[in-house]
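Student: Got a structure here, written out as structure tokens. Questions coming.
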Amino acid sequence: SKSMIEEAMAQARDAAVAVDFVRAQMPWLPLQDGAVSAVLMAGSLQLVDGLDTLMREVHRVLAPEGVWVASTFLPPTPLRPFHRALGLTARAEEELRNAAERAGLVRFERVRMAPVMVVRAERPKVR
């Protein structure tokens, strides 16, 4: 969201860190091939319909050895019907791992911190 990007920009400025932020409509990322060293998708994977398309886009825009980090909400079992009714898609670790691998990303890892799952993967180094 715009407010999240504004907060991130303020924190980066306070920390004297040079970071570019881009707000995009998923799954398309308006960046050149290999243009970024990292893609961060905080709390948004449950909003994506075209997971494979998104993962191909992440691979495309990442530079070699670039890192993708994302998080998604893991609704408790009793809340899953309400989650689906809102048009949200709960993502399982295996689904995310498989989509990342199909897109060409490697070294997939996950951390579960209920009710959130954080995942990461990398674009391989060019040989």
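Student: Here are a few candidate values for mean projected area of the Cα convex hull in nm²: [x] 8.5; [y] 7.6; [z] 8.1. Which one was actually calculated from the structure I just gave you?
Tutor: The value computed from this structure is option [x].
Student: Can you give the helix-only mean residue ellipticity at 222 nm for the chain, where every DSSP H stretch with n ≥ 4 adds -39500 (n - 2.57) and the sum goes over all residues, rounded to the nearest 500 deg cm²/dmol?
Tutor: Numbers: 4 runs with 41 residues, N = 127.
Mean residue ellipticity, 222 nm, calculated: -9500 deg cm²/dmol.
Student: Cα centroids of segment 11-57 and segment 65-127: how far apart, whole angstrom?
Tutor: 14 Å
Student: What are the ³J(HN,Hα) couplings of segment 48-62, residue after residue, when phi is run through the Karplus curve with 6.51, -1.76, 1.60 and θ = phi - 60°? Round to Hz, x for glycine and proline.
Tutor: Once rounded to whole Hz, the list reads 8, 7, x, 4, 5, 5, 4, 5, 5, 5, 4, 4, 4, 7, 6.
Student: Shifting gears a bit: With every protein chain present, what is the per residue accessible area of the chain (1.4 Å probe, Å²)?
Tutor: 64 Å²
Student: How large, in percent, is the carbon and sulfur part of the accessible surface of the chain at a probe radius of 1.4 Å?
Tutor: C and S atoms contribute 55 percent here.
Student: What length, rounded to one decimal in nm, is gained on full extension from Ala85 through to Ala16, with 0.36 nm per residue of separation minus their alpha-carbon distance?
Tutor: Answer, rounded to one decimal: 20.6 nm.
Student: Restricting to bridges with both residues inside the chain, how much of the DSSP beta-bridge set is antiparallel, in percent to the nearest 5?
Tutor: Numbers: 13 of 18 bridges.
Restricted to the chain, the bridges split so that about 70 percent are antiparallel.
Student: Run the 1.4 Å probe and let me know the accessible area of Thr77, rounded to the nearest 10 Å².
Tutor: 100 Å²
Student: Could you tell me the accessible area of Lys125 in Å² (1.4 Å probe, neighbours in place), rounded to the nearest ten?
Tutor: 120 Å²
The values are calculated or read from the model by the stated rules, or taken from the named source; none is laboratory data. The shown structure was predicted, so the numbers you read here are calculated from the model rather than taken from an experiment. Ligands, DNA and RNA are excluded from the accessible area calculation, which covers all protein heavy atoms including side chains. Shrake-Rupley method; radii C 1.70, N 1.55, O 1.52, S 1.80 Å.
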